[in-house]
Amino acid sequence: MPGYFKSSFLIRIYLPTCFVLLALLQTIHAQNYDEAKAGTFTLPELLVTQDGRKVTTIEQWEQIRRPEILKLFEDNVYGQVPKDFDNISFEITNEDKKAMDGKATLKQVAITVFRNQKSVTINLIIFIPNRVKHPVPVFLVLNHRGIKTMDITRQNKDDFWPSEEVIEAGYAIAGFDVKDIAPDDKEKFSEGVLGRLYPEQRAMDNGMRALGAWSWGASRCIDYFETNRAIDAWKVITVGHSRGGKASLWCGAQDQRVAITISNESGNSGAALSRRNYGETVALIVKNFPYWFCRNYRKYAGNEDKLPIDQHELLALIAPRAVYVAAAGSDLWADPKGQYLALQESQPVYRLYGFKTGLPKEMPVVDKQVIRPCMGFHIREGKHDMTLLDWQQFIRFADSYFKRKQR
Ligand code: GTR
């Protein structure tokens, strides 16, 4: 090899490759998977107001502490979620009353939201069981895995959205592709709702970003459910996996029309405690996915102790409605134990409402579900995914919750 080639090989290929590999190694090792190194931490007090008063009644929780916590999440984590728009329309673009061999009615609904002469359309897909003659509860999936997982022809069945099983259980199943609202992309995320309807949010340090936009979109689907008499709009169950799980939690925390909020393996900045040093960290998530969160969140990279909230408070915002957290045994990145601890730490608010939650102190073993009034948890064996087994647990939880409420 001639000398000039050797040196240009060294400069142009060998050295940059080494740097990239080193940076990669650094990222891989930047997280901890050793329980002994997860650290000790003090969580912010759930039932003490910012000016130091103890919260002992539902009224104090609802009038003072709950709004305080909601605002802290808006300002420091997910950004605000704008409530105003000029108009919303629902157009049925396709209907098949004999879908799934006559077992279900398929509806495709174009939900268009207008503001300042601009609009955005969310394409909602719903299957409603035909055999049930009264309004049914609905599972609404905030889907980041794309439309291919919700095949309306049912030729391609995907356990991520197992509509046959859900219909069989007597529930409606709905879903939308989060891309309709905000593309899941560092460069293009503001091409949907953010660029068109709420451009002013982009300039704000506590402005809405992708996770907030997706949860905003789920609320617009609930607006539609309220107009469909086949659906019981008091029994909406939001479901999201991973990043979709974070958005499901943020939606359930804000929109009190959600009856059950389900987070499947939502992990860091979802159900997992941020102060626990295990798996993904705030530093990693804001580096890799800055466009999911408001700009202020970056201040807490490597500085989690300074966060004025932690994720148990997000789960507590859902009370007295139901919350369900699911984890997977091999999904250490999402910190199963940190997710269970957050659920545990949210219990005081549920107790304020009189629920005897009594979650076991230790995280349940793999494949064992825990159902308590208003909360549930399971950890499935296996990797990061949302599977039929997860769905079977969601259905069992919803069955028990709605039956309990009817009594
Ligand atoms: C990961 C991200 C997680 C989770 C996951 C997913 O890369 O670090 O927080 O959101 O993506 O959505 O599948």
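Values in this text are rule-based calculations from the coordinates and carry no lab data. Model, not experiment: these values are computed from the prediction. Here Cβ is always computed from backbone atoms with ideal geometry, including for glycine, and neighbour counts include all displayed protein chains.
Descriptive notes on the structure:
- Net lengthening on full extension, residue 301/residue 96 (0.36 nm per residue, minus Cα-Cα): 68.9 nm
- Across the chain, the mean sequence separation of Cα contacts (distance under 8 Å, 6 or more residues apart), normalised by length, yields a relative contact order of 15 percent.
- Given R0 = 41 Å, the distance between the Cβ atoms of residue 404 and residue 103 translates into a calculated FRET efficiency of 0.90.
- Measuring nothing but how far apart in sequence close Cα pairs (under 8 Å, 6+ apart) lie, relative to its length, the range 227-321 scores a relative contact order of 27 percent.
- Placed amide H near residue 208: partners under 5 Å, 5+ positions off or other chain: 80
- Fully extending the segment from residue 353 to residue 37 would add 110.2 nm, taking 0.36 nm per residue of separation and subtracting the current Cα-Cα distance.
- Beta bridges per DSSP, both residues in the chain: antiparallel share near 50 percent.
- Mean separation of Cα pairs under 8 Å and 6 or more residues apart, divided by the residue count, gives the range 23-125 a relative contact order of 14 percent.
- Fraction of antiparallel bridges per DSSP, the range 110-184 only, in percent to nearest 5: 60 percent
- Overall shape: prolate for the range 128-261, with the ratio a/c of the largest to smallest alpha carbon gyration tensor axis at 1.5 or above and a/b above b/c.
- Per-residue Cβ neighbour rank within 10 angstrom, fewest leading, 399, 51, 255: 51, 399, 255
- Highest-fluctuation residue, 366, 349, 286 considered, GNM on the chain with Cα pairs under 10 Å: 366
- Tensor-based shape of the range 294-407 (alpha-carbon gyration tensor, a/c under 1.5 rounded, otherwise prolate or oblate): oblate
- Gap separating the Cα centres of the range 92-157 and the range 313-343, nearest whole Å: 28 Å
- Projecting the Cα positions of 317, 386, 355 onto the charge dipole of the range 306-405 (unit charges on Cβ atoms of Lys, Arg, Asp and Glu, taken about the Cα centre) puts 355 furthest along the positive direction.
- Shape of the range 200-352, Cα gyration tensor, a/c cut at 1.5: oblate
- The range 281-407: antiparallel DSSP beta bridges as a percent of all, rounded to 5: 35 percent
- Spatial separation of Cα centroids for the range 288-302 and the range 170-249, in angstrom: 19 Å
- Compared with the direct C-alpha span, the chain from residue 384 to residue 123 gains 91.3 nm at full extension, assuming 0.36 nm per residue.
- The lysines within cross-link reach of residue 107, meaning a Cα-to-Cα straight distance under 28 Å and a gap of 8 or more places when in the same chain, are 83, 97, 98, 118, 133, 148, 157, 179, 235, 246, 403.
- Ordering 250, 333 from the fewest to the most neighbouring beta carbons within 10 Å gives 333, 250.
- Compactness index (Cα Rg / 2.2 N^0.38 Å), the range 72-118: 1.85
- Ranked list, fewest to most other Cβ atoms within 10 Å of each Cβ, for 274, 248: 274, 248
- Whole-Hz couplings from phi, Karplus 6.51/-1.76/1.60, listed for the range 178-187; x for Gly and Pro: 4, 4, 4, 9, 8, x, 7, 7, 3, 8
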